Number of protein chains: 2
Amino acid sequence: MFESAEIDHAIDKDTYDAEVPALREALLEAQFELQQQRRFPVIILINGIEGAGKGETIKLLNEWMDPRLIEVRTFDQQTDEELARPPAWRYWRMLPAKGRMGIFFGNWYSQMLQGRVHGEFKDPRLDQAINAAERLEKMLCDEGALIFKFWFHLSKKQMKARLKSLADDPLHSWRISPLDWQQSQTYDRFVKYGERVLRRTSRVYAPWHVIAGADAHYRSLAVGRILLAGLQGALTRPTIHPEKVSAAPVFPSVDQVNLLDSLDLTLQLDKDDYEEQLITEQARFSGLMRDKRMRRHALVAVFEGNDAAGKGGAIRRVAAALDPRQYNIVPIAAPTEEERAQPYLWRFWRHLPARGKFTVFDRSWYGRVLVERIEGFCSPADWLRAYSEINDFEEQLTDAGVIVVKFWLSIDKQTQLERFEAREKIPFKRFKITDDDWRNRDKWDDYRAAVGDMVDRTSTEIAPWTLVEANDKRWARVKVLRTINRALEEAFEKSDRHESKKHKEKD
Amino acid sequence: MFESAEIDHAIDKDTYDAEVPALREALLEAQFELQQQRRFPVIILINGIEGAGKGETIKLLNEWMDPRLIEVRTFDQQTDEELARPPAWRYWRMLPAKGRMGIFFGNWYSQMLQGRVHGEFKDPRLDQAINAAERLEKMLCDEGALIFKFWFHLSKKQMKARLKSLADDPLHSWRISPLDWQQSQTYDRFVKYGERVLRRTSRVYAPWHVIAGADAHYRSLAVGRILLAGLQGALTRPTIHPEKVSAAPVFPSVDQVNLLDSLDLTLQLDKDDYEEQLITEQARFSGLMRDKRMRRHALVAVFEGNDAAGKGGAIRRVAAALDPRQYNIVPIAAPTEEERAQPYLWRFWRHLPARGKFTVFDRSWYGRVLVERIEGFCSPADWLRAYSEINDFEEQLTDAGVIVVKFWLSIDKQTQLERFEAREKIPFKRFKITDDDWRNRDKWDDYRAAVGDMVDRTSTEIAPWTLVEANDKRWARVKVLRTINRALEEAFEKSDRHESKKHKEKD
């Protein structure tokens, strides 16, 4: 894989000087076009052998292009805010907006390679990291991002010569490399695992470019040309207008029977039972949230449901059990301008709770496969891929200790009508009913089908959906609280088993 | 000051039960109106004696109102990301957007009181903190924010009884108070300094409300009524439309002589001198940025200037001295939707560099007193108060070790014309010239006057303006780099003197 990069590639100064001005001008032109279009972001990943000119090349690119449109990000030591959240959070928060370029040093590849080379973990975990990187990049590309992955290479001999000359140079001698590159073994391991990573993560939509790093002229021109070709290609590629895509493919069920039919909407609680059970579950919830095992977890509760199904009321009963300092409620409405300039899931990543905290999403990332699907706000390709993107997102949450509970509050059509009419009569509830609500009601069957598909595809063992019979508000509120409590208890028991297993292994 | 709150205030259950439903409904109504108008944010500061019902009251408010529109924030231990920036950064990043309510526990008052009561500092620093709080709140109110400051009070006897009952209650016994409230002396000191703080920070635009905390019915109704009255008042107050305000007051100088006249725009460097001096200054800059004293500082460089004065070129020469991982360039254009929902300075606070880092602002907070003043994008009152707000902002930066350098790149009208015409002819520079640029040119004299006022009012010892003669780009670029280098050296020398003084004091 690296053989070609170990051949002597060199470009003489005259050739270089002759080519650079036109290349620079074309790059600048492409960069401004990128900014004008604001159609996609550019993400450049920088990896490779120590001393192969990574920093120098990026410095040069910043000189050639307009550095005001480029964000260079280095991911060193995680901050405590990053450590309290899923690992990918630090990358999501640094993604460049549409129209801008982000250059990532110390990215996900650096981190998986360092871990493996240092022996912090073995191949199975490296492979997991590789798969995670692939899913992330696939999603970014599907969202329109243009990704360049550069591997700067040197042969072992070239590297040793280079490190020696750097050490002799006072401008560079202060640099400390993260891996001990002086050791011959480090190089071998880095190249070995580098090969494995590159082989498995070079995809049509985000290929690796291996750059021979020994000759500055060669590597600069190589990187510049690759960037230019990629940028020009992407800038002239036509946009896909979601509205021009033909109607969403439907998955009609053979017998029209839907999961929602299996709900017994007559379930109810009388007032006394409700009050007793509600207080019991609230006390239980309050206790669980103060449990010291909660410090290793975070809690995310997603509320979706028919309009007027009682999401707000249920959320208030959940919140009422806690001190307001313990939770955060995020109402999801139309995305803001900054959110629209980012991949779809960005606006949910930014609100993820830190360890020990609880976030309620009042509507959520499932909007993609509900309202956006039905209203045609995104293309069928977009919402179809959303199922697996969402599963992947939730897996990242649970892997990081976040407990994810998801509710669909379900009412029948007649109950909705009665609630709409009642709301219109009560002054302080008028705000809660809009023309949109009436329009959505006309699409009742579309929503019904979309909910069925959503639950089929995203109710997973790690983050199952709970369908809540919500014709009776009391029943719904108690069921919601009880479900959260069970999820917390299960997660704590799992932690306990895990701890006691670790303990036994030590003995 | 607290006498009235130590009288027995109590409201019986019947009166309370009779009043609450209407109060709740009115609060909900006000809250939705707030959301609809999206005209201002509401900030609620919670302070006072331990055990006086702060948490309980806010919990109740969250039950009465729609918790989805309320953000409760607690400021405990600073995170490492917060510690690397000026102290107020943690509050700015948590400000509620227009239309929403933010409740701040552990806010600036809590922090100054804890510091003083614990003896971490003496009265002069308490007074500084008081002044800083006042400036912050004045600015927030001028930006439209509605601020409520609640002090929950208890007499010493009431507090002791309350702490005892909390300690006996298993739901509360786990709570550890930040100050050791069991000690009688702590209470006395807290009340003493609390009085000083309240006395000096109760202003018409943000008054303190002292709430007797012993009786739950009383304190809940009191807080609810105050909130309601304040909200209703603010919601019905007419908006001031900036466009309806009469033309900006001008400060005509008596003799029309302006600071800009004192610049010798014929200053220039020939090519050889330029190349030698540029390389020298770049090397010096690179060395200074790697100096270990830089770890205690951050660097902010502001670039303003006439259109086509060469800001971009100067920024590129500054950037070229460094590794791109060391700096961050923030181009300032029209604010985004999220930025418009916040006080003016919010969009600069969010980009402040952490310690050791360098941020270039390509245009800056001075837009308020330049383009916004001239184009009438804000009212005269807004840009007139901006001078002192900006001085305050920059003082906070320098107090936190940030080195602030500010450049106005100045060219004459003829030079600008030549550069505009040249840009229109070069393909990859066409992007840089827009109709706006030609329109701005028509307002040359307005800008000239605004720059004069700006420099007069905001060139301070801690963050002076450097006017740069920029008809000759070479001269300008070298002067910019040299100025930055001098600022860094001066700051380092000051640090050294400070350190050696501390050292001597220890000996």
Averaged over B:60-66, number of beta-carbon atoms from partner chains that fall within 10 Å
4
For the protein assembly as shown, size of Cβ-based charge dipole, Lys and Arg +1, Asp and Glu -1, in debye:
1740 debye
Once the label point is placed 7 Å from Cα along Cβ, list for residue B:122 the distances to the corresponding points in the other copies, in nm, shortest first.
6.5
Tail beyond 40 Å, pair distance distribution of chain A (Cα, percent)
35 percent
Which lysines have a Cα less than 25 Å from the Cα of residue A:425, not counting those fewer than 8 places away in the same chain?
A:271, A:311, A:413, A:443, A:473
Identify the residues of region B:313-337 with backbone N under 15 Å of a label point that sits 7 angstrom from the Cα of residue B:426 along the Cα-to-Cβ direction, or state none.
B:313-317
Sort A:264-275, A:85-96, A:227-238 by the packing proxy (mean of other Cβ within 10 Å over each peptide's residues), most packed first.
A:85-96, A:227-238, A:264-275
Cβ-placed point charges (K, R +1; D, E -1), dipole of region B:1-155 about Cα centre in debye, nearest 20:
780 debye
Would you mind listing the distances between the residue A:21 label point and the same position in each other copy? Use 7 Å along Cα-to-C-beta, nm, one decimal, shortest first.
8.5
Would you be so kind as to identify which of B:47, B:294, B:390 lies farthest towards the positive end of the dipole of chain B, taking Lys and Arg as +1 and Asp and Glu as -1 on Cβ and the Cα centre as origin?
B:294
Relative to the longest principal axis of chain B, what angle (0 to 90°, nearest 10) does the C-alpha long axis of helix B:380-399 take?
90 degrees
Using a 10 Å cut-off on Cβ to Cβ distances, tally the other chain neighbours for every residue of B:71-77 and report the average as a whole number.
3
Note the angle between two axes, namely the Cα long axis of helix A:54-64 and the longest principal axis of the Cα atoms of chain A, as a number of degrees from 0 to 90, rounded to the nearest 10.
90 degrees
Per the charge dipole of region B:258-506 (beta-carbon charges, Lys/Arg positive, Asp/Glu negative, Cα centre), the residue among B:407, B:318, B:447 reaching farthest to the positive end is B:318
For region B:437-507 and region A:180-202, write down the distance between their C-alpha centroids in whole Å.
47 Å
What percent of all Cα-Cα pairs in region A:256-506 falls in each 10 Å bin, counting up from 0?
6, 29, 36, 22, 5, 1, 0
Would you calculate, for chain A, the mean residue ellipticity at 222 nm contributed by helices, counting each DSSP H stretch of 4 or more residues as -39,500 (n - 2.57) and dividing by all residues, to the nearest 500?
-16500 deg cm²/dmol
Starting from the Cα of residue A:494, draw a straight line to each of the lysines and keep only those under 28 Å, dropping any in the same chain fewer than 8 residues away.
A:122, A:292, A:357, A:406, A:479, A:502, A:504, A:506
Relative packing of peptides A:453-460, A:313-320 - highest average C-beta neighbours within 10 Å first:
A:313-320, A:453-460
Could you give the length gained by full extension between residue A:185 and residue A:164, i.e. 0.36 nm per residue of separation minus their alpha carbon distance, to one decimal place?
5.8 nm
To the nearest Å, what is the center-to-center distance of region B:394-422 and region A:1-70, using C-alpha atoms only?
29 Å
Report, as an integer, the average count of C-beta atoms from other chains found within 10 Å of each Cβ along A:328-341.
3
Which distances, in nm and shortest first, link the residue B:236 label point to the same label point in every other copy, taking 7 Å along Cα→Cβ?
6.5
Project the alpha carbons of the protein assembly as shown onto their principal axes and report the range along each, largest first, in whole Å.
90, 78, 63
Quick one: putting +1 on the C-beta of Lys and Arg, -1 on the C-beta of Asp and Glu, what dipole do you get for region A:256-506 around its Cα centre, in Debye to the nearest 20?
1160 debye
Using only Cα atoms, find the angle between the long axis of helix A:156-168 and the longest principal axis of chain A, and express it within 0 to 90 degrees, rounded to the nearest 10.
80 degrees
Residue closest to axis [chain A; rotation mapping onto B; Cβ; Å]
A:337, 2
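The numbers here are math on the coordinates, done by the rules we state, and not lab data. Source: prediction; values computed, not measured. Glycine also receives a Cβ, built like all others from the backbone with ideal geometry; neighbour counts cover every protein chain displayed.
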